[in-house]
Amino acid sequence: MELSFSPKLLVVAVAAALPLIASAADTPSTATARKGFAGYDHPNQYLVKPATTFADNMMPVMQHPAQDKETQQKLAELEKKTGKKPNVVVFLLDDVGWMDVGFNGGGLAVGNPTPDIDAVASQGLILTSAYSQPSSSPTRATILTGQYSIHHGILMPPMYGQPGGLQGLTTLPQLLHDQGYVTQAIGKWHMGENKESQPQNVGFDAFRGFNSVSDMYTEWRDVHVNPEVALSPARSEYIQKLPFSKDDVHAVRGGEQEAIADITPKYMEDLDQRWMEYGVKFLDKMAKSDKPFFLYYGTRGCHFDNYPNAKYAGSSPARTSYGDCMVEMNDIFANLYKALEKNGQLDNTLIVFTSDNGPEAEVPPHGRTPFRGAKGSTWEGGVRVPTFVYWKGMIQPRKSDGIVDLADLFHTALDLAGHPGAKVANLVPKTTSIDGVDQTSFFLGTNGQSNRKAEHYFLYGNFLLCVWMSSSITS
């Protein structure tokens, strides 16, 4: 018997099946409980529960009323004890990959031990699914504006005389300053050299660091990188006269930047140490203040033109300049942490440890990471970054795969300053989109869960939307 295809019969069959499909779709999916496997003893809320929108210009959030209530009680009790709002420290590494640190399985195992970083991470909340933007400038601007690059527009930072950058944007340091915080930026800026985008003009009370990115200062001077320029007096003089910042600088709110020193490869060897010493002095000064502070600390390391000094050269088992730099970054973080500890500031300080993007893939060690891709890509290796949050006595030590975007630091810091949830909408223009969500209750709640449902990232105008339905595995 010859069989023939009948479109009419197919339509009838599909029509008959639709009610059954719809009925199945209306039934929430549940996860089978697995004893001893954290996170799988409840239905996946991120699949079956809708997010809540507080305002038209705010990212929808997953609400967790119980952990919200617990968190606000903890914060109220702490403020009653300390008499002031909490401090916030953001420690931002440069081009450090997800598995370059010990708390994610790297560290000593890959030739660059990070024992002090790992020790603090083990007492905090390790975020295995924290996301940046794919490159430096977009991520840094995202942290300080709470916006994705599609909204803040900083894909490449403007140079002197060019418009753009943070100019005209609502920034976290300015809002915290308005709430009585002392705001300090240290280290790499890379969000615009034009005067209107410099740190002292976008909300920071003071800045010590450089405006651009480290290879801008060294590549044309290094005979091993660009001998045709470095060994040519005429070419070197030409670049020296170009209008871009070549100095380690200092500035105070509303003032002009003052050059401290010309950044040569030799000066670069001790640059992170100089910034660290400045940072410790700032923390010591704030220990005597009755005001809370926001410290935005962006290291130079470990961008690929690493120049370890005599103390750190050859200090890593890997015997690479990158590995040596990671050892130095561990010590710098440890010194800042010890200053907070010595000053009795840990009880009232949220510390955020993270990186601006995935690892560099063009130079050794070529993006050491379990994920595909690296810096400059929207694969996991480019945007999934090593991150933990620590707050002595306030954050339960654990590990979670709950999604966090670095944009969330904007909203979270403002919650700590007294503007939780929808209140942030009152601080920004209605035309300003806030892409970050308040993660305070995730960080501080007992077995807290992420308040973010979806993750987005962008690269140079190309849009990629990634929606992760997290099961919030916590261990």
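The values are calculated or read from the model by the stated rules, or taken from the named source; none is laboratory data. Please read all numbers here as calculations on a predicted model, not as lab measurements. Quick reminder, even Gly has a Cβ in these numbers, built from the backbone with ideal geometry, and neighbours come from all protein chains shown.
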K80 versus (1) in contact (Cβ under 8 Å) with a residue 12 or more places away in the chain; (2) within 30 Å of K288 (Cα to Cα): which is the lone unmet condition?
(1)
Can you work out which of the residues in the stretch 228-258 that are more than 19 Å from Q184 (Cβ to Cβ) and among the hydrophobic types (A, V, I, L, M, F, W, C) is surrounded by the fewest Cβ atoms within 10 Å (Cβ to Cβ)?
A234
Test of understanding: among F294, F304, which residue is in a loop (DSSP other than H, G, I, E, B), aromatic (F, W, Y) and crowded, with 18+ Cβ neighbours inside 10 Å?
F304
Taking the stretch 246-260 only, how many residues are in a loop (DSSP other than H, G, I, E, B) and touching a His at 6+ places or on another chain (Cβ under 6 Å)?
0
Every residue from the stretch 416-447 that is charged (D, E, K, R) and surrounded by 22 or more Cβ atoms within 10 Å (Cβ to Cβ)
D435, D438
Candidate set from the stretch 316-363 (those that are of a type in the set (G, A, S) and more than 25 Å from G382 (Cα to Cα)); member that is surrounded by the fewest Cβ atoms within 10 Å (Cβ to Cβ)
G344
Please list, ordered by first then second residue, the pairs with beta carbon atoms under 9 Å, 6 or more apart or interchain, first in the stretch 246-268 and farther than 18 Å from P199 by Cα, second of a type in the set (G, A, S) and crowded, with 20+ Cβ neighbours inside 10 Å.
I263/S214; M268/S214
I need the full set of residues from the stretch 364-400 which are modelled with pLDDT of 95 or more and part of a loop (DSSP other than H, G, I, E, B), in order please.
V385, P386, W391, K392, G393, M394, I395, Q396, P397
Which condition number does N309 fail, the rest of (1) closer than 25 Å to H190 by Cβ; (2) in contact with a Gly (Cβ under 7 Å, 6 or more places away or on another chain); (3) not small (G, A, S) being met?
(2)
Considering (1) in a helix (DSSP H, G or I); (2) modelled with pLDDT of 95 or more, say which one L350 fails and leave the rest.
(1)
Give me the helices (runs of 4 or more DSSP H) completely within the stretch 133-218, filtered to those with at least 1 residues that are β-branched (V, I, T) and touching a residue at least 12 places away in the same chain (Cβ under 8 Å), ordered by residue number.
136-145, 149-152, 215-218
Got at least one residue in the stretch 333-353 being under 18 Å from F91 (Cα atoms) and in contact with a Lys or Arg (Cβ under 7 Å, 6 or more places away or on another chain)?
yes
Of the residues in the stretch 311-347, those that are at pLDDT 95 or above and assigned to a loop (DSSP other than H, G, I, E, B) come to K311, Y312, A313, G314, S315, S316, P317, N343, G344, Q345
Residue match in the stretch 353-363 (condition: in contact with a Leu (Cβ under 7 Å, 6 or more places away or on another chain) and assigned to a loop (DSSP other than H, G, I, E, B)):
yes
Identify, by number, the condition in (1) β-branched (V, I, T); (2) more than 22 Å from G436 (Cβ to Cβ); (3) under 19 Å from the mean Cα position of the chain (by Cα) that V110 doesn't meet.
(3)
With criteria (1) over 30 Å from D324 (Cα atoms); (2) touching a Phe, Trp or Tyr at 6+ places or on another chain (Cβ under 8 Å); (3) of a type in the set (K, R), K80 comes up short on (2)
